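One structure below.
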Amino acid sequence: DGAVSLAAEGGTAPYQYALQAGTPQSDSLFALLPAGNYTVQVIDQLGCTDTDTLSLTGPAPWSIDVGTGLILAPDDAYAIPLTINGQPLQPLQYAWYPPEGLSCADCAQPVATLQQTTTYQVTVSDANGCTQTDTLELRIRDSIAVYIPNVFTPNGDALNEVFTVFARPGTQVIVDVFRVFNRWGELVYEGKNMTPGD
């Protein structure tokens, strides 16, 4: 919304002002007007009138974008890329919520370091008081459910003697085929339909 202040000259003062054939007023300021075309009427003390038109333009449209959701590992640092489309009136103010896990809550591109999945909302305000809002979900990848080592040393020293599949407690895993080869590519063991820890 905008404002317009009218000025008149000639005729006999004081003047009355009307917008869109509305009720005349002595104040020449019309505020909170949306963009558009207006008919302005000026009436002097003798009742003489003059009519004109004016066009009130609004600020250029603009928007923001923080991208789509992303999956991160716990404690990964991710600089959130905030893109501004258009030309908002500077300076801009930024408000990120929630602030937890962010390097700053009032900057353009905070760095997120998370332990849990979080949806962030950013609101950007320009000097006209116009605001734009966008959200971004940063998901934390679950810890690895199954871990399979790639080497072991069955040499009798009691270190790393057993080769097995490890699974997070509560994970339901069946190993269809489990094969162990020596360094020359020869099959030395094969098991089927095994559970982790076998």
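The values are calculated or read from the model by the stated rules, or taken from the named source; none is laboratory data. What you are looking at is a predicted structure, and each value in this text was computed from that prediction instead of being measured. In this analysis, Cβ positions are derived from the backbone assuming ideal geometry, glycine residues included, and neighbour counts consider all displayed protein chains. For accessibility, only protein heavy atoms count, side chains too; no ligands or nucleic acids. Shrake-Rupley method; radii C 1.70, N 1.55, O 1.52, S 1.80 Å.
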Exercise for review: Of the numbered conditions (1) in a loop (DSSP other than H, G, I, E, B); (2) surrounded by 11 or more Cβ atoms within 10 Å (Cβ to Cβ); (3) of a type in the set (Asp, Glu), Asp50 fails exactly one; give the number of that condition.
Suggested key: (1)
Exercise for review: Hey, could you check segment 63-78 for residues that are open to solvent by less than 60 Å² (accessible area, probe 1.4 Å) and small (Gly, Ala, Ser) and say which is farthest from Ala31 (Cα to Cα)?
Suggested key: Ala73
Check your understanding: For segment 124-145, does any single residue satisfy the condition of being assigned to a loop (DSSP other than H, G, I, E, B), free of Cβ contacts under 8 Å to residues at least 60 places away in the same chain and acidic (Asp, Glu)?
Key -> yes
Review point. From the list Tyr17, Tyr38, which residue is touching a Pro at 6+ places or on another chain (Cβ under 7 Å) and modelled with pLDDT of 90 or more?
Key: Tyr17
Study note, to complete from the structure: For segment 2-25 the number of residues that are buried (at least 16 other Cβ atoms within 10 Å of the Cβ) and of a type in the set (S, T, N, Q) is 1
Review point. Taking into account only those residues within segment 26-40 that are more than 38 Å from the chain's Cα centre (by Cα) and in a loop (DSSP other than H, G, I, E, B), which is surrounded by the fewest Cβ atoms within 10 Å (Cβ to Cβ)?
Key: Ser26
Exercise for review: Return yes when Ser55 is within 30 Å of Gly129 (Cβ to Cβ), exposed (fewer than 13 other Cβ atoms within 10 Å of the Cβ) and in contact with a Pro (Cβ under 8 Å, 6 or more places away or on another chain) and no when it is not.
Suggested key: no
Exercise for review: Looking only at segment 146-154, decide whether some residue is within 30 Å of Leu82 (Cβ to Cβ) and either part of a loop (DSSP other than H, G, I, E, B) or among the acidic types (Asp, Glu) (or both).
Suggested key: no
**Study point:** Meets criteria (modelled with pLDDT under 90 and either over 30 Å from Asp126 (Cβ atoms) or part of a strand (DSSP E or B) (or both)) for Val4
**Key:** yes
Check your understanding: So which of Ala95, Ala105, Ala60 ends up being within 22 Å of Cys130 (Cβ to Cβ), assigned to a strand (DSSP E or B), open to solvent by less than 70 Å² (accessible area, probe 1.4 Å) and small (Gly, Ala, Ser)?
Key -> Ala95
Practice item. Considering only segment 108-164, state which residues are aromatic (Phe, Trp, Tyr), under 30 Å from Val180 (Cα atoms) and open to solvent by less than 60 Å² (accessible area, probe 1.4 Å). Key: Phe163
Point to revise | Output for segment 165-197, where each listed residue is polar (S, T, N, Q) and either in a strand (DSSP E or B) or surrounded by 10 or more Cβ atoms within 10 Å (Cβ to Cβ) (or both) | key: Thr171, Asn193, Thr195
**Study point:** Given (1) over 30 Å from Asp65 (Cβ atoms); (2) touching a strand residue (DSSP E or B) at 6+ places or on another chain (Cβ under 8 Å); (3) touching a residue at least 12 places away in the same chain (Cβ under 8 Å), index of the condition Thr164 fails
**Key:** (2)
Practice item. Test each condition in (1) under 31 Å from the mean Cα position of the chain (by Cα); (2) modelled with pLDDT of 90 or more for Asp44 and report the one that comes out false. Key: (1)
